[in-house]
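The values are calculated or read from the model by the stated rules, or taken from the named source; none is laboratory data. In this text the structure is predicted, and so the values were computed from the model without any measurement. When we count neighbours, we look across all protein chains shown, and the Cβ atoms used for this are built from the backbone with ideal geometry, even at glycine. Accessible surface areas use protein heavy atoms only, side chains included; no ligands, DNA or RNA. Shrake-Rupley method; radii C 1.70, N 1.55, O 1.52, S 1.80 Å.
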Amino acid sequence: QKHNRQTDRLNERREEEDMEAVGESQSSSLVGLSENSGLVHRSNASSSATIADTWHENQSSTAVTTVGDDDAAARVRRRRQSFIDDVELDPITLPESTHTLLFTEPLKSIPCVISICIAGLTLLCLQLALFNNGLTFGNKNVVIPANVDGAVKAAQYTAIFIALLMEEEIPTGLYLLQRIPRPYFIEKFPELCYGDFVNSNLLRIFMGYLFLANVLLILMTARDVLQIFFDFVALQFIQQLGGTAFKLARMSMLSTSMKEATTRRYFRTEFRRPTLGWKAKSFFFVAVYLFNLCGLLGGMIYVSVRQSRGDFQCKSITVKFREDIWREATVVSNQDQEDKRVLVYSFFNGVYAQDGSIHDGRPVYIERRKFDGTEFDTTLPSFNPFNATVIIPARIQYCERYRAWVFMHENILKSKRDDPDCPWLLRSETTNVYDIEEVKGPWQAWQGVIETTDVLIACNECSVEADCNLNGECNEGGSCDCNENVEGSTFLGPRCEVALKDNCRTIIGERFNESYSIIDLDWAGSGQLWEAYNRPMYRYNLGSGSPLLDGTDMFFLIFSGSRWFGIYYGSEVGEVMFTEEYREPTAYAAKNFHAFWDKVYNTQEVTKVVSDPVGATGYTPVGVDFFLIGERGEQFGPFGARIPFQLYNQTGRGYFRCSDEASVDLSTANNTTAPGAGGRELGRRGG
């Protein structure tokens, strides 16, 4: 008897330990989706209670006998395995969603029609959100910001993991297809069509990937942290319309037939987990999650890398500075020599392009040639009679110290104590934007003191012909190919905004009826114009009537960003400038002309005439008032004493008119060897 009592106590203690182990195993093995998905699992508490009751029933029905320790342990192991097998069956029921009614109700029934409408509404909202979030066609880089700060970037990558946890349709659809194979479905619901069941779950999966596509676009186009999470909440609401409608139907809020449809036995029928091959199927779910994670991460990494390179910012811009003037600008040469000049900021108008460098997290824009918008030449001609120098271009960049975009030149300083890293001449208002086109408000200009000014910045890239002002075609590289000789006009400029009419290739002065014609740069006569600041350059036709010029003098009308200047060269230069011997230095000077560095205004012996400021449509000197530059000095304006050149000295009359001739033979009119180009001698030598 003593032995039997000891055996009973030992068995009871082992059975209690086994019950605790079974409870822990059951608690860790039950896995289910969230309540929002509609996929219902038996709860841990109810399952544990059922197991405990079954165990006690078996315990009470088992006769207490005196057996050895081995028999008692074997009996407990068998019972434990039975309980664990029951737990692993993990019964589920169909999701409580109107998407389920798509296969549980007849196609033409009211519940099925309402469910189709709800599914269509969900798809429509997801697709509208997709397009609203930036899915566009034929328009490049219009929604992705140039770059974002560190907080937004951290939120973007964190939100990827949040989105995968929020998204329920993909795992629900795949889980149902895995858990309920065709034979099992037909066994439970012989009256239903398994194909409709499959289509309903495929619809869920499709909605899930629409959700993830929206997530990716939201993250790509996000500019602040709260925007990301507000958009996520909106997407989650759209995705749960089916579950919300199902709950309303059960409360008889939609119709009686919907109430009946949502309370049928289909939603109470349990499907147990198959015991074979489930581990392999679990790996499939993990693979799907990894696939979605890699897709979202890959898309964001791709965008982040391109943002850091400045790919989502305009590569080439046209900048127009107002005609602000600093009359005593300090220019420092490479030999540390200082020179005082009149700095007209509009001399630096024109094309600026990214060179691939980054400053304070933003791309740097480098000034380009005024001739054709390409890089300035860095090699001087082998024969350099005009003492040409290599142009050092200006820069537009962002400076973190001032929290502003700035215009600067390394050789033009406000003082010797100027900031060597960012010696700004113009700067924007305080901003942290990454895209220079998004800079708002007035700028500050240094004119000896800080003054307020305006700066116009326009992107030179195009996507449709309208971006080329309908005067050219947008090529595959995103730049405009301007029309030539179309309906009597040729178009110039990055966006073909400058119209040169054929009858304005030669213009006539009103006072002496003298003529000026555009210059063909190519000595072979290809018709390429000598341009400066997107305007053609004109040369006086010798012997055409001006009593101020002799037979070998050269006189040019050159645009400088805001005004036309009349540049005079005496016979010493005029006789040789367009000869074959001077071809290389003349072509270099033409292509690298710069109004400031060529001292267009500063050299009194060369610059004789100046026009009024030209508006946006001042494509030629026609209709513009011109003035002889008289006395210069502090007493006079920045362009000296201006004497009207118009007939009767009238202002507002304009001096030039277009000729009826489409072109003239320059080699005959000028008595030179061939059409050619003006030189870098501009502003360097007198007549």
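Structure above, values below:
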read-out: Within the range 357-397, considering residues that are in a strand (DSSP E or B) and touching a Gly at 6+ places or on another chain (Cβ under 8 Å), the one most open to solvent (accessible area, probe 1.4 Å); value: 358
read-out: Residues located in the range 334-353, provided they are in contact with an Asp or Glu (Cβ under 6 Å, 6 or more places away or on another chain) and over 16 Å from residue 456 (Cα atoms); value: 340
read-out: Selection status of residue 638, touching a helix residue (DSSP H, G or I) at 6+ places or on another chain (Cβ under 9 Å), surrounded by fewer than 19 Cβ atoms within 10 Å (Cβ to Cβ) and either among the β-branched types (Val, Ile, Thr) or in a loop (DSSP other than H, G, I, E, B) (or both); value: no
read-out: Leading residue by the ranking (nearest to residue 606 (Cα to Cα)) among those in the range 562-589 that are open to solvent by 40 Å² or more (accessible area, probe 1.4 Å) and not hydroxyl-bearing (Ser, Thr, Tyr); value: 572
read-out: Pick from the range 163-200, criterion touching a residue at least 24 places away in the same chain (Cβ under 8 Å) and aromatic (Phe, Trp, Tyr), ranking: most open to solvent (accessible area, probe 1.4 Å); value: 184
read-out: From 360, 355, residue being on the phi < 0 side of the Ramachandran plot, among the acidic types (Asp, Glu) and within 22 Å of the chain's Cα centre (by Cα); value: 355
read-out: Any chance residue 461 is open to solvent by 50 Å² or more (accessible area, probe 1.4 Å), in contact with a Gly (Cβ under 7 Å, 6 or more places away or on another chain), touching a residue at least 12 places away in the same chain (Cβ under 8 Å) and not β-branched (Val, Ile, Thr); value: yes
read-out: Hits in the range 197-248 (condition: of a type in the set (Gly, Ala, Ser) and farther than 30 Å from residue 152 by Cα); value: 200, 242, 243, 245
read-out: All positions within the range 93-113 that are assigned to a helix (DSSP H, G or I) and either modelled with pLDDT under 90 or among the polar types (S, T, N, Q) (or both); value: 104
read-out: Candidate set: the range 316-333, residues that are out of contact with any Phe, Trp or Tyr (no Cβ under 9 Å at 6 or more places or on another chain) and open to solvent by 20 Å² or more (accessible area, probe 1.4 Å); chosen: the one nearest to residue 533 (Cα to Cα); value: 320
read-out: Hits in the range 252-303 (condition: modelled with pLDDT of 90 or more, surrounded by fewer than 16 Cβ atoms within 10 Å (Cβ to Cβ) and more than 30 Å from residue 113 (Cα to Cα)); value: 290, 291, 293, 294, 295, 297, 298, 301, 302
read-out: Answer from 687, 652, 683, 678 - the residue that is within 15 Å of residue 574 (Cα to Cα) and either in contact with a Lys or Arg (Cβ under 6 Å, 6 or more places away or on another chain) or at pLDDT 85 or above (or both); value: 683
read-out: Condition met for residue 460 (over 28 Å from residue 327 (Cα atoms) and touching a strand residue (DSSP E or B) at 6+ places or on another chain (Cβ under 7 Å)); value: yes
read-out: Of all residues in the range 225-235 being open to solvent by 30 Å² or more (accessible area, probe 1.4 Å) and in contact with a helix residue (DSSP H, G or I) (Cβ under 6 Å, 6 or more places away or on another chain), the one that is nearest to residue 169 (Cα to Cα); value: 231
read-out: Residue 639 vs. criteria under 17 Å from residue 347 (Cα atoms) and in contact with a strand residue (DSSP E or B) (Cβ under 6 Å, 6 or more places away or on another chain); value: yes
read-out: All positions within the range 476-518 that are touching a Cys at 6+ places or on another chain (Cβ under 7 Å), assigned to a strand (DSSP E or B) and either of a type in the set (A, V, I, L, M, F, W, C) or closer than 22 Å to residue 647 by Cα (or both); value: 480, 482, 491, 492, 507
read-out: Residue match in the range 399-422 (condition: modelled with pLDDT of 95 or more and out of contact with any Lys or Arg (no Cβ under 9 Å at 6 or more places or on another chain)); value: no
read-out: Matching residues, the range 529-580, being among the β-branched types (Val, Ile, Thr) and assigned to a loop (DSSP other than H, G, I, E, B); value: 552, 576, 579
read-out: From the options 488, 472, residue that is open to solvent by less than 60 Å² (accessible area, probe 1.4 Å), in contact with an Asp or Glu (Cβ under 9 Å, 6 or more places away or on another chain) and at pLDDT below 90; value: 488
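Let's see how each residue does on (1) of a type in the set (Val, Ile, Thr); (2) in contact with a strand residue (DSSP E or B) (Cβ under 9 Å, 6 or more places away or on another chain):
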| position | (1), (2) |
| --- | --- |
| 370 | no, yes |
| 379 | yes, no |
| 399 | no, yes |
| 408 | no, yes |
| 417 | no, no |
| 428 | no, yes |
| 435 | no, yes |
